[in-house]
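The values are calculated or read from the model by the stated rules, or taken from the named source; none is laboratory data. These numbers come from a predicted model, not from an experiment. All Cβ positions, even for glycine, are placed from backbone atoms using ideal geometry, and neighbour counts span all protein chains on display.
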């Protein structure tokens, strides 16, 4: 009996029918040969089914992995965009605050320049010497008037120098107060922005953990199902 013109399943059915015929006709030796041939074919068929199942399983695992890689890449793209947008927002906020601080400083400097006198008012001593000088000039006492004028010049120079130092000190004090307030404001903004960035990073990490866990669970379930399927095929051959 040639197998070539039959499919494997057809040939198995033919052998099964042939064994039954041999049993009825008491051709047991021929039946034994047919039985061995049938068992060989059944084992061949089982090996073929197991091989095909394993190939299918490999394809399923590959498809699962490809799907996971695609999902992971989408995850990376989405969260990279979120982090990039947050950093751009942070840079914009810091730049905006720096510009505002510069404007505040410039406005304060202009205000202080106009509010604090450039030259001090004459002191009582200088006013008294100026009166003495006027009286000396009326008396045509130019020599004494010159002496008094020199004294006035010295006092004016000293007063202007002291006033300028005090003026600079007052302006510097106001500017330092402004810079301190601005420094606190800048630090608070940086802390808030850093908290936003850390929150995004934390959410990304949590989402990644869920994504990986989901993949591991699906992969484990698939592998368990595939093992059970192979075991079932082997046990029921």
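Annotations
- Annotation: residue 94 fulfils all but one of (1) farther than 23 Å from residue 217 by Cβ; (2) touching a helix residue (DSSP H, G or I) at 6+ places or on another chain (Cβ under 6 Å); the unmet one is (2).
- Scan of segment 27-47 for residues that are without any contact (Cβ under 8 Å) to a residue 40 or more places away in the chain and either under 55 Å from the mean Cα position of the chain (by Cα) or not in a helix (DSSP H, G or I) (or both), ordered by number: 27, 47
- Scanning segment 108-152 for residues that are more than 22 Å from residue 170 (Cβ to Cβ) and not in a helix (DSSP H, G or I) yields a total of 3.
- Taken residue by residue, segment 218-233 has no member that is modelled with pLDDT under 90, surrounded by 11 or more Cβ atoms within 10 Å (Cβ to Cβ), touching a helix residue (DSSP H, G or I) at 6+ places or on another chain (Cβ under 9 Å) and outside any helix (DSSP H, G or I).
- Of all positions in segment 154-173, at least one carries a residue that is touching a helix residue (DSSP H, G or I) at 6+ places or on another chain (Cβ under 6 Å), over 30 Å from residue 79 (Cβ atoms) and free of Cβ contacts under 8 Å to residues at least 40 places away in the same chain.
- Filter pass, residue 186 being under 23 Å from residue 115 (Cβ atoms) and surrounded by 13 or more Cβ atoms within 10 Å (Cβ to Cβ): no
- Scanning segment 36-53 turns up no residue that is surrounded by 12 or more Cβ atoms within 10 Å (Cβ to Cβ) and within 30 Å of residue 204 (Cα to Cα).
Results for (1) free of Cβ contacts under 8 Å to residues at least 40 places away in the same chain; (2) over 30 Å from residue 200 (Cα atoms); (3) surrounded by 11 or more Cβ atoms within 10 Å (Cβ to Cβ), shown as yes or no for each residue.
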site	(1), (2), (3)
67	yes, no, yes
82	no, no, yes
85	yes, no, yes
88	yes, no, no
92	yes, no, no
109	no, yes, yes
125	yes, yes, yes
133	yes, yes, yes
137	yes, yes, yes
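- Within segment 182-237, the set of residues being touching a residue at least 40 places away in the same chain (Cβ under 8 Å), more than 25 Å from the chain's Cα centre (by Cα) and within 30 Å of residue 102 (Cβ to Cβ) comprises 182 only.
- Any hit, segment 159-178, residues being over 56 Å from the mean Cα position of the chain (by Cα), assigned to a helix (DSSP H, G or I), surrounded by 13 or more Cβ atoms within 10 Å (Cβ to Cβ) and on the phi < 0 side of the Ramachandran plot: yes
- The one condition from (1) surrounded by 13 or more Cβ atoms within 10 Å (Cβ to Cβ); (2) modelled with pLDDT of 95 or more that residue 60 does not meet is (2).
- Screening residue 215 on (1) more than 30 Å from residue 77 (Cβ to Cβ); (2) at pLDDT 90 or above shows it passes everything except condition (1).
- In segment 17-29, the residues that are in contact with a helix residue (DSSP H, G or I) (Cβ under 7 Å, 6 or more places away or on another chain) and surrounded by 15 or more Cβ atoms within 10 Å (Cβ to Cβ): 18, 19, 22
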